[in-house]
Amino acid sequence: MEFDSIKEIENKIIEKSESSKEKSLRLLEEIISDLPENHNQLINQAFEYKRIPKEYLFSSILFAYSNACGLAFCLNSMGFKNYGNLYLSLIGSRGDMKSPAMELATEPLNQYDSIKYREFKNKLKETEFEEPTIRRQLLIQDATIEAAYLKHYQNPCSLGIYVDELYQLIEKMGNPSSKDGPAWRTFFLQGNTNKHIDISRKTVESFRLDKSYPVLLGSIQTEFSYKIFGGGNLESGLVDRILFTDKLTKNSHLSGKDINLEVQKTYKDNLLRILDLRKEWSETNHEDTCIRISCTPAAELKLKDYSQYLLNLQEESNPTMEAYISKMMINIHKVALVLHTMKESQHAGYKNIIEEHTMIESIRIMKFYQLNFENISEKYAGKDPVKLDQEAVLRKGKENGATCEQIAAVLGVNKSTVSRNLKKLKL
């Protein structure tokens, strides 16, 4: 390995001497210090005054901006076009302040949804005998998969799935007797790369979305974290698409103070500025268009070098990490786009070029989430997940009308294997 400076050599020596937690904490502090001033202030004041862990709030802010970006913004780099939808999960014990972090970061989006709901209700009164009014919203909390599909169709730019206890949804995905679970998993698997959605039902209106854009934020209790990997969630690739945030920081001091109102207002205004840009785009949107972002040559080179590093790292990793790293090669594009948008939200206008330092910061963020996943997967390695009775899954899936693809996702095998075994069992 070649180094460009003495500083890089020093950093490498520090890395080798650090524990995994020390390395994660160092990366976290570097990430926060490099954020735009307002976001830095919000995270640090929330930690000091409200005891909200910095890592939880940072991940929740990423979700908020990921949701706000929607299909309006895309990154064209290295011959690929990627959008900014991210899946994030906070892991910790009861009382670790996961929910306050999620609530603080998404408050502007919730306020936006409240305004749109009032407008929706008023419109219903005014148009009682006309075409049904569509409710505009950014977040859903409790919905069936059919309702989620419909909401996304009505809100095509993005669909934010905000789940305080994510484990319940993940458990459904790995439960062969759940009708909704496998469909939710397929939705997230396909939505991660913005696949189309085409719904045809006998009893409801058929509809089609050319591109999907689900965004996910939820929390999981530490004692349930190993179960994320069971029920086919690991084998299907769902786990590989999630950026996990383990507990790192703690503040046991009650300050009696609140976050500065101006800091909160500026954060809200920044998010709304991105939503305004998105609205402006949607009003003039044509098929397959977006606000195209590109990289400077230096940023493009950093991304290329990091992607090559990930490819090389795959060859020396265990199967679990190898699969996760393959998705990191997509998530780095998404994180870079979202981080760039966070920076551009600070002022009027939107610069369509990602600079080198933003790409360097994005790579640091990905290293942070990689470390988190390594720590979580090591904890999981000592657990013995429940092994599924394949025949029972096939029979239950057939009874519930599940497709071969959905059953395959539960079992962690390919669709042709399911089809072949169904024939053997004469189901």
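Computed from the coordinates by the stated procedures, all read-outs in this text should not be read as laboratory data. As the structure is a computational prediction, the values presented were derived from the model and not from experiment. Note that each Cβ is placed from the backbone with ideal geometry, even for glycine, and that neighbours are counted across all protein chains shown.
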(request) Specify the longest stretch of the chain that does not include any exposed loop site, a site being one of the chymotrypsin sites (Phe, Trp or Tyr not before Pro) with a non-H, G, I, E, B DSSP assignment and at most 11 other Cβ atoms within 10 Å. (result) 130-427
(request) Tell me which residues come under 5 Å, amide H to amide H, from residue 293 once H is placed; ignore anything under 5 positions away on its chain. (result) 74, 75, 76
(request) Considering only DSSP beta bridges where both residues belong to the chain, give the percentage that are antiparallel (nearest 5). (result) 20
(request) Step through the residues of segment 49-64 one at a time and calculate ³J(HN,Hα) from phi using the Karplus curve (6.51 cos²θ - 1.76 cosθ + 1.60, θ = phi - 60°), rounding each to whole Hz and writing x for Gly and Pro. (result) 9, 10, 6, 7, x, 4, 5, 5, 5, 4, 5, 5, 5, 4, 4, 4
(message) Explain nothing, just compute: Karplus ³J(HN,Hα) = 6.51 cos²θ - 1.76 cosθ + 1.60, θ = phi - 60°, for every residue of segment 178-189 in order, whole Hz, x for Gly and Pro.
(response) 7, 7, 7, x, x, 5, 4, 5, 4, 4, 6, 4
(message) For the chain, set up a GNM with springs between Cα atoms under 10 Å and report which of 165, 126, 30 has the largest fluctuation.
(response) 126
(request) Apply the Karplus parameterisation 6.51 cos²θ - 1.76 cosθ + 1.60, with θ equal to phi minus 60°, to every residue of segment 393-404 and state each ³J(HN,Hα) to the nearest whole Hz, in sequence, with x for glycine and proline. (result) 5, 4, 5, 5, x, 5, 4, 8, x, 6, 7, 4
(request) Would you mind counting up the charge near residue 420? Only other residues with Cβ under 15 Å from its Cβ, with Lys and Arg at +1 and Asp and Glu at -1. (result) +3
(message) With the cut-off at 1.5 for a/c, could you classify segment 189-340 from its C-alpha gyration tensor as rounded, prolate or oblate?
(response) rounded
(request) Express as a percent, rounded to the nearest 5, the fraction of DSSP beta bridges in segment 131-231 (both residues included) that run antiparallel. (result) 25
(request) Pick out, in residue order, every one of the trypsin sites (Lys or Arg not before Pro) in segment 46-98 that is DSSP loop and has at most 14 other C-beta atoms within 10 Å; say none if there are none. (result) 94
(request) Binning at 20 Å from 0, report for the chain what percent of all alpha-carbon pair distances ends up in each bin. (result) 24, 58, 17, 1
(request) Considering Cα pairs under 8 angstrom that are at least six residues apart, work out the relative contact order of the chain and quote it in whole percent. (result) 24
